[in-house]
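Reviewing the structure listed below.
Any read-out appearing in this document is the output of simple, stated calculations on the displayed coordinates, not a laboratory observation. Please read these numbers as outputs of a predicted model, since none were measured by experiment. Quick reminder, even Gly has a Cβ in these numbers, built from the backbone with ideal geometry, and neighbours come from all protein chains shown.
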Amino acid sequence: MFKIKTIIFDSSPMHSRIFIVPFLLMLSLLSMMFTSCSSSAKLVVSNGTNISKYKYVSFGKEQTGDRELDDVMLLVQNEIANTKLQPISLTYAPEDYLGYTLTPHINVKSEKWDGGHTYITITFYDLYTDQSVAVVKSSGIGLSISQDQKLALGAIRKKLQTVFGKKE
């Protein structure tokens, strides 16, 4: 007589765990990497100041920070120049520049330790009155110092274009 045997393949929980654990580990690492990168920017304007009246910007020597970050400072100047503010030289300034010109004081700081933030602060002064008109700040934190700087620059770019408009 013939006996029929039924073979049941057991998909043991141990076998499926072998594939699920590395997948979940990889997924959690990726989510941590993406959530750990962030940037922010904010603007503070002096009371009673009409920021939209300013048409010109004059770059001076008012920059502070680590000399190793001069490249980032130059990139910040480029971001200011890419707004509707027209860069001028005081030697060849237009007739209506007084009262309508801002001078930025740029400060860039990158922390190499303690989480590696990059901070960018731009204080805009009225050229005529030498009064502080507005402060634009940004910060970025990523997985490397260069990514921190890119995030902070991107945040400052967005804030500057929101405040002064994008160059056409």
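A few notes on this one:
- Using a Förster distance of 45 Å, the FRET efficiency for residue 168-residue 91 (Cβ separation, nearest 0.05): 0.95
- Of 53/112; 137/166; 84/150; 109/166; 55/159, pairs whose Cα-Cα distance is over 27 Å: 53/112
- Peptides 90-102, 139-151 ordered by packing proxy, namely the average of other Cβ atoms within 10 Å per residue, highest first: 139-151, 90-102.
- Karplus-derived HN-Hα couplings along the range 104-110 (A = 6.51, B = -1.76, C = 1.60, θ = phi - 60°), whole Hz, x at Gly and Pro: x, 10, 9, 10, 10, 9, 10
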